[in-house]
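Participant: To start, I am sharing the structure in question, which I have written as structure tokens.
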């Protein structure tokens, strides 16, 4: 991707399988799922706290393999952080967030929580069964259905004398609000139920327990019914088939790409917003909810103004009105000096000013020239 140049959206390839970890994405938006599973690069950066979560997840998996202890924790933590930061530094969208220790407010807290979890592993590994010499753990185990349409990698399969426990690690928020209060995210419950289905497909037995382990070390048990797992798997495969048929229609030019999207509240953190015609159409027709602090704007380039060094003010013409975006740093937005009058421009993740008369850029703001 050319830095700051947004080219027309690509029609995604037809997906031929579904992963339990992405079943929630398939439910929310078929277009996002198709782009994501085909490894289409996102046009917006992931929040730095998500990057830290990726690091913690890798460390949990290393711990499951017995490759990390309290003694070598600090070295492995530093190594994994550097590995992730090196990847981020090679991306014009993510290099703004390096080093993570400065852009993730809870960096040190998460490090300590991860260390605390590592220190408790001897008790947690076979939770809640008593320690037995023939207990075992299979980390990062890949399982698939008979037709390979459903497949995914389980973080840990723990074998005890009582039966098998399937465990998944989550480093972000695991609860969501509901009328009954905070409940486990439904997408996470479905993910573990699909893992149970896959385990039955490969091992011809059902696990005795499904559990999620959070970054705070909390172990969350997920009760399930075998028939619910089977129905969920069948429903997911049906949705995959329907999505494949729609993408085939896209390729035959009998369906518009915007008809594949499902814009709404779930778009807030989607990396594909800039290139999604369904989202752009939705955003133009629907006002932002009260209290929104991040905005996406589309307009034509009207010029640049000097501001306090090193910042620049960008003027956009939107529906006949001039709108200013302040605090743009040319180092972070390489397309600024290449814009010419009346170029189509998109600004994403802009903050509104206190007087609500202009917008402000920060590390999360992305500027594109739209071709």
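Every read-out reported here was derived from the displayed coordinates using simple, explicitly stated rules and does not represent laboratory data. Given the structure is predicted, the values throughout are model-derived calculations rather than measurements. Cβ coordinates were reconstructed from backbone atoms using ideal geometry, including for glycine residues, and neighbour counts include every protein chain displayed.
Participant: So what's the back-of-envelope 222 nm ellipticity for the chain, counting only DSSP H runs of four-plus at -39500 (n - 2.57) apiece and dividing by all residues, rounded to 500?
Facilitator: That calculation yields -10500 deg cm²/dmol at 222 nm.
Participant: Something else: What do you get for the angle between helix 73-89 and the principal long axis of the chain? Use alpha-carbon atoms, 0 to 90 degrees, nearest ten.
Facilitator: The helix 73-89 is inclined about 30 degrees to the chain.
Participant: Then there's this: Points 7 angstrom from Cα along the Cβ direction at residue 11 and residue 149: gap in nanometres?
Facilitator: Label-label distance for residue 11 and residue 149, simple model: 2.3 nm.
Participant: P(r) for the stretch 287-370, please, calculated from all Cα pair distances in 10 Å bins and given in %.
Facilitator: 18, 58, 23, 2
Participant: Quick one: helix 48-64 against the long Cα principal axis of the chain, what's the angle to the nearest 10°, folded into 0 to 90?
Facilitator: That works out to roughly 20 degrees.
Participant: Also, quick follow-up: Mind checking the angle between helix 226-251 and the chain's longest principal axis? C-alpha axes, 0 to 90 degrees, to the nearest 10.
Facilitator: That helix lies at roughly 30 degrees to the long axis.
Participant: Hey, another quick one. Among 204, 116, 16, which one shows the highest mean-square fluctuation when the chain is modelled as a Gaussian network with alpha-carbon springs under 10 Å?
Facilitator: Per the Cα network of the chain with a 10 Å cutoff, 204 tops the list.
Participant: Rounded to the nearest 5, what % of the DSSP beta bridges within the stretch 129-224 are antiparallel ones?
Facilitator: Restricted to the stretch 129-224, the bridges split so that about 75 percent are antiparallel.
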